[in-house]
Amino acid sequence: MFFRRERPKTLTFDDHMANARSAGFKTEPAAGGGTRIERDGVACVVEPGIEEVPRVIERPGIVMGKEIGTLTDGGSFVGPDGTAASFFQSDVANVLPASFQGKRYLEYRVTLDAKVG
C-alpha cells in the first residue's frame, strides 16, 4: 500500500496574522508601516520577513496610549563597576566613564543624610 503524504502548506503573512487573532491577539496596521500585534497591554510591530514569516521591526513593550514603551539596552542600569549593585558618588558625578558616553538615559540614586549637631 502506498500512502500519499500531504504537502505542507506554506503559511503567508496574512495566515500568521489570522493565527495570532485566533489566539486572542489584536492586529492592526501600524502608523509607520508593518502590523501591530497587541494583547494584555503588551504590543510589538511586525512585517513580512523571509518566506512570509513575521519579522519584528519594533520590539515588544508596554502599551502606553498609541505608543509602545520599551526598555533601552535591555533595561540594565549599571554603575561604575559595570554592575547594577554600584552607583556613582557625588565626587564623580561630573565625569562619566567612556563606556557611559552617548547613553541616552541615566538612573539616579539619591541618599539624604541629616546630621544633627
In a strand (DSSP E or B), over 30 Å from residue 83 (Cβ atoms) and either in contact with a His (Cβ under 6 Å, 6 or more places away or on another chain) or of a type outside the set (D, E, K, R) (or both), is that true of residue 56?
-> no
Are any residues in region 1-32 free of Cβ contacts under 8 Å to residues at least 24 places away in the same chain, surrounded by 10 or more Cβ atoms within 10 Å (Cβ to Cβ) and in a loop (DSSP other than H, G, I, E, B), and if so, which ones?
-> 25
Just to be sure, is residue 20 modelled with pLDDT of 65 or more, out of contact with any helix residue (DSSP H, G or I) (no Cβ under 9 Å at 6 or more places or on another chain), over 30 Å from residue 10 (Cβ atoms) and not β-branched (Val, Ile, Thr)?
-> no
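Pick out the one residue from 65, 33, 69, 75 that is on the phi > 0 side of the Ramachandran plot, modelled with pLDDT under 90 and within 13 Å of the chain's Cα centre (by Cα).
After ruling out the rest, the residue left standing is 75.
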Which residue, of 6, 47, 38, is modelled with pLDDT under 90 and not aliphatic (A, V, I, L, M)?
-> 6
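The values are calculated or read from the model by the stated rules, or taken from the named source; none is laboratory data. Bear in mind that the values here come from a model prediction, so they are computed numbers and not experimental data. Counting neighbours? That spans all protein chains shown, and the Cβs are built from the backbone with ideal geometry, glycine included.
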